[in-house]
Amino acid sequence: MKQMLNVLSRRVSNSTSDNLFDTLLESTKTINPQQQCPLFSRLPRELRDEVFAYALLNTCHDPFHRGFPQSERASKKHDIALPLLLTCRAVYSETRYLPISLNAISVGNNASKKGDIAPSFPKRPHQLPERLGNLLHNHAQAIDYTLMQTFLEVGYHFQSFTNFLTGPEPVKYLTLRLERMDWWTWETAPGDVARDGGLALDQSVGAGSVENRPTAGVMRELAQRRRERGRLDGVAIARDEDGAAAGWGVALSRDFPGLKELEMVFESFRAKKAQLEEVVRCAETWEFGMGEEFVLRCVGVERGSWEGGEVERKVEWQRGPFEVTVVRWRRVRA
């Protein structure tokens, strides 16, 4: 699962001794044009940009989750060539913002884990230190957001980031993650689906409350209607005060109109694998409008699993292994 020049490689970067943001805040004074260097004397700016982007994109982070154990194929924490920024002031002046604009900024439940690209990045952007906040404000183009299902369904959380990230380029890459304990029904035993129907999620249902949360039955019905290109009338989808269709999918389309790719990472317990697969099958029918001419349409699914985590849990089925599925959407003409 590689990423970037298609979305799959655009991942959160983990740093070791490299302090990414301190590097970016180095001052640039008088700049030598470096006319004797072939990089500047022979290559036009457009080609230099391609070279720099290749060097400063992180491609080795575990593709499924920043919190998962590193796989053998991704033993290094990141492969961003940060020393490149220290080559000379001419290089620095052209590359200093690329580690931010090329790589996703991690936000949410695990975003303050030691080693993330943005240490102690808070859930609310206005809590950032001023200098770091200004860098993200003007240059971040990718967000990796871990959140609970109830917050996803409220929808207004998206707006707090789009109000903050108002640089010249819109957010182009968005990852939304629901971890195993982020679902409404995560505590329900796998065999007790009669009580609540099991895992369920739909872009058109939910308002952040138990009363309005989606059920597995409604999720399946909506998915079937989309497959048949039928109307969604008569199904309990979320609606605004004027009666128009609402839901977190509408909020996402409204607040991220410049998205090129969307990635949703769903995690649950191995014992709930069948429920997770049902969510994924339904999610493949979702589309997100991007203005009048474009939509985000599902282009692929990738599956994986991992073991470890909270082995101290008393309930055996909650100890793992854990199933992870990544669903991706890409911007296409409607």
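FYI, it's all coordinate maths here, none of it is from the lab. Keep in mind it's a predicted model, so treat the numbers as computed, not measured. In this analysis, Cβ positions are derived from the backbone assuming ideal geometry, glycine residues included, and neighbour counts consider all displayed protein chains.
Taking the mean number of other Cβ atoms within 10 Å as a proxy for protection, how do you rank 222-228, 199-205 from highest to lowest?
Numbers: 222-228: 15.6, 199-205: 25.1.
Peptide ranking by packing, descending: 199-205, 222-228.
For THR30, THR95, which order do you get if you count the other beta carbons within 10 Å of each Cβ and list the fewest first? Don't jump to the answer; show the numbers that get you there.
Working: THR30 5, THR95 22.
If I rank by nearby Cβ atoms, fewest first, I get THR30, THR95.
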- 10 Å beta-carbon shell around PHE40, net charge (K/R +1, D/E -1): +2
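Quick check on packing: order 138-148, 84-94 by the mean number of other C-beta atoms within 10 Å, highest mean leading. If you can, show how the numbers build up before the last one.
Working: 138-148: 21.4, 84-94: 16.5.
Descending mean neighbour count gives 138-148, 84-94.
Suppose R0 equals 41 Å; then what is the FRET efficiency for VAL210 and GLU169 from their Cβ-Cβ distance, rounded to the nearest 0.05? Walk me through the numbers before you get to the answer.
Values: r = 39 Å, r/R0 = 0.94.
Efficiency, from the Cβ-Cβ distance: 0.60.
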